[in-house]
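The values are calculated or read from the model by the stated rules, or taken from the named source; none is laboratory data. Quick caveat, the model's predicted, so the values are computed rather than measured. Counting neighbours? That spans all protein chains shown, and the Cβs are built from the backbone with ideal geometry, glycine included.
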Amino acid sequence: MIAVNKYWHVVNIGIQNTLTYRVNFLFRSVFGLIPLFATLSLWRAIFEGRQTSVAGHTLASMVSYYLVVTIVDALTAVNEDDWQIATDIKDGNISQFLLKPIDYLTYRLCLFGAGRLVYTAVAFLPVALFIVVQRNSFVLPATGAIWSWFLLSVAMTALLQFFLSYTMALLAFWVLEVSTFIFVVFAFEYIAGGHLFPLDILPPALLKFLYFTPFPYQLFFPVNIYLGRTTGVALYQGLCIQMFWVAAAYLLARFVWHKGITKYGAVGG
């Protein structure tokens, strides 16, 4: 209970700090809908050109795909956490966590959760209004079970995104600037994760290869569950693989932290 209260206090502090930037979050979510509107307009033009389906996607499922991507991204995307972690290491602020009974990974995970909670609450209204406007093309899950598997997958997506970003930020133990590593991973995640387009429009061989990487499980997989395009054995296998990548990313984060601490040195009063 002492540990729970300790980290619950961290969550409360994170919420209070994040609320300072609630207007920034509101504008970010509103302006983030502009490229979404452009993307949906592009796909509408494609389907209006007598294209009835693309890789099994109808216009309704394609619109739903991008709308659900926006929702999942709001719930799981790492915002400034990786930069803050790298700054803590470079500025020597990490020293205080080595002297206190606080696990730094858990501490940062609590702050990440607090940030996502506030961002989702602020972004809810503009995103909800946008979905209402697009309601004629928005598809809802057919059963309650799909909702359950979808929410479970989204939770693991958030953990996977956080652990990978956390690990990239820990490279600050060895290099002065980690921005290159962060941007490279973000680029792979943006394209190979299904943010730019549904991965199932790719050639089957390439899609099969991507499923051996963690990237589809950072966005594409939970969205496909919501749309009912991943069911049965493929659903259970996908959840197990996603769970494997979450565990692997967690162990990698712990390993890099352990190695990084042995290289860390800070001076000053």
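Overview of results
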| read-out | value |
| --- | --- |
| Residue within the range 23-30 that is under 30 Å from residue 101 (Cα atoms), at pLDDT below 75, loosely packed, with under 13 Cβ neighbours inside 10 Å and over 19 Å from the mean Cα position of the chain (by Cα) present | no |
| From 159, 152, residue being over 24 Å from residue 261 (Cα atoms) and surrounded by fewer than 22 Cβ atoms within 10 Å (Cβ to Cβ) | 152 |
| Flag for residue 169 being at pLDDT 90 or above, closer than 16 Å to residue 253 by Cβ and not polar (S, T, N, Q) | yes |
| Residue count for the range 117-143, restricted to those that are among the small types (Gly, Ala, Ser), at pLDDT below 85 and either under 22 Å from residue 216 (Cα atoms) or in a helix (DSSP H, G or I) (or both) | 3 |
| Members of the range 65-96 found to be in contact (Cβ under 8 Å) with a residue 12 or more places away in the chain, over 21 Å from residue 116 (Cα atoms) and of a type in the set (S, T, N, Q), listed by number | 95 |
| The range 210-231 - residue that is assigned to a helix (DSSP H, G or I) and touching a Phe, Trp or Tyr at 6+ places or on another chain (Cβ under 7 Å) and, of those, surrounded by the most Cβ atoms within 10 Å (Cβ to Cβ) | 222 |
